[in-house]
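The values are calculated or read from the model by the stated rules, or taken from the named source; none is laboratory data. These numbers come from a predicted model, not from an experiment. Every residue, glycine among them, receives a Cβ derived from its backbone with ideal geometry; neighbour counts consider all protein chains shown. In case anyone asks, the SASA skips ligands and DNA or RNA and just uses the protein heavy atoms, side chains included. Shrake-Rupley method; radii C 1.70, N 1.55, O 1.52, S 1.80 Å.
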Amino acid sequence: MERSFSTSRQFIVYSGDARVRAALCNLAEHTKSTLLTLLQEPDRWKTSIVVNAQSSQANLPELPAATLSLGQTGFGLKLQVDLTIGAKVDAPVMERELLRAVLLEMMYRHQPNLAAGTSYARPPEWLVEGILAWGSQSGPAEFGALLNNSVSTNKIISLENFLRQQPALLDSPSREIYRSYSYALVSLLNGRSLAKFIADLPEAPNDTISDLVAHFPNLGGSVESAERTWKINVAQLATSTGYESLTVAETERRLDSNLYFQFPKSAQPKRFRNLEDFSGFIRLPEHALVLHGLSENLMVLGVRANPICRPIVLEYQQIASTLARGKTQGIGRRLTQLKRARETLLSRVQEMDDYMNWFEATQSHGRSGKFAEYLKTTDEAVRVRRHDAISVYLDSLEGVFCDE
């Protein structure tokens with residue numbers, strides 16, 4: 001079968017169609033270029049990647065669109081991507097397998113003589129999805145929009161749970177959200193440290209989150225700091241969509257829901273507690289863990305809170321952080337002041353809403369246009385006349401009464 005070499009000569013593409021070979025060479029080089037740009041690394045490839053493209057066959061409809069195989073030939077590693085070209089080309093699937101091949105070459109670049117039968121590590125799915133998302137035409141706004149609901153409801157998945165997810169088992173909407181989370185993580189980890197992380201993947205431990213903490217100093221040096229940095233980064237991505245901040249009422253509602261929490265591991269009966277009742281739970285053994293979680297949730301809420309409510313939310317976050325360290329001096333006074341400030345703020349906002357409603361109803365000299373579409377639809381519905389017996393009779397009665 002005829003073959004073509006890509007511009008870097010790392011990819012050897014076999015196909016009977018010259019146009020297919022050219023397209024695959026371009027796709028492979030583009031995929032590798034995106035990865036190298038993310039890693040801020042030059043191209044130092046050592047192992048060629050064979051790409052074998054064949055047409056789909058009617059007697060073998062079960063052939064997958066793309067498969068990747070890695071093995072030993074006795075002279076070094078062999079990386080081969082088998083592609084099935086049908087009437088409908090699935091370019092994203094092909095790009096995904098080509099990226100996996102490039103990542104595997106980087107992972108085993110300095111281990112070309114592994115013994116036969118050695119099991120090979122595979123690049124994690126979040127890394128593949130995140131790199132593809134990072135190099136796609138979509139930007140932070142598109143990925144942030146998918147995470148907006150998770151941030152607004154304070155249901156951001158923890159970094160540990162995210163790393164354990166298997167995207168192959170997810171449905172289509174969940175996979176899109178997984179892709180957005182992957183984009184958030186890769187954007188947080190990009191740079192030369194990511195290149196070192198990829199090179200060390202063959203010897204990586206099973207504890208992925210600890211491995212990330214060891215490779216990336218910006219995660220804070222501990223699992224707890226990494227979780228906190230992860231949530232802040234996801235929240236910032238969700239708010240990069242350009243959407244407006246929460247209203248005062250919505251900010252208050254979410255603040256109230258955060259300030260009520262449980263101590264699930266406590267020997268006492270499970271019940272919701274308020275931050276103002278700190279004297280009743282500050283001596284419980286798990287108070288630090290619960291209050292640290294509350295502090296993180298309030299930090300996330302502060303990103304989207306209404307600007308006039310943001311100082312109040314951040315003050316509650318600082319109080320929760322202080323209580324988590326076991327310090328209670330002056331906390332009661334601060335909570336009382338915050339409660340009064342919230343009551344005053346809500347009262348003034350209600351007064352402003354009442355005034356604006358009164359002004360719009362009595363002082364406005366023109367139409368706002370908000371109900372134009374509704375009125376247009378109503379007028380069109382009225383003009384439609386039915387000609388059945390009952391409708392004709394009712395129309396005649398309407399004419400009589402209107403004339404009178």
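Of note:
- Between Leu394 and Val93, the contour length at 0.36 nm per residue exceeds the Cα-Cα span by 102.1 nm.
- Theoretical FRET efficiency, 1/(1+(r/R0)^6), r = Cβ-Cβ of Tyr260 and Asn161, R0 25 Å, to 0.05: 0.60
- A protection proxy built from the mean count of other Cβ atoms within 10 Å ranks the segments 154-162, 8-16, 279-287, most packed first, as 8-16, 154-162, 279-287.
- Relative contact order, whole percent, for the chain stands at 11, derived from Cα pairs under 8 Å and 6 or more residues apart.
- Beta bridges from DSSP with both residues in the chain: antiparallel share about 50 percent, rounded to the nearest 5.
- Efficiency of FRET from Cβ geometry, His30 and Asp207, R₀ 25 Å, rounded to 0.05: 0.15
- Placing unit charges on the Cβ atoms only, positive for Lys and Arg and negative for Asp and Glu, gives the chain a dipole magnitude near 1540 debye about its Cα centre.
- Anisotropy class of the chain from Cα gyration tensor, a/c 1.5 cut: oblate
- With Cα atoms, 0 to 90° folded angle of helix 172-189 axis to the chain main axis: 70
- Between the helical axis of 18-39 and the longest alpha-carbon principal axis of the chain there is an angle of about 70 degrees.
- Value of Rg/Rh across segment 111-187 [Cα atoms, Kirkwood radius]: 1.10
- Spin-label model, Glu2 to Asn274: label points 7 Å out along the Cα-to-beta-carbon direction sit 7.9 nm apart.
- For the residue pairs Lys32/Lys231; Lys32/Lys78; Lys78/Lys196; Lys32/Lys155, the C-alpha atoms sit more than 27 angstrom apart in Lys32/Lys231; Lys32/Lys155.
- Only protein heavy atoms count here; under a 1.4 Å probe, Ile85 has an accessible surface of about 40 Å².
- Heavy atoms of Phe359: accessible area, 1.4 Å probe, square angstrom to 10: 90
- Relative to the longest principal axis of the Cα atoms of the chain, helix 91-107 runs at roughly 60 degrees.
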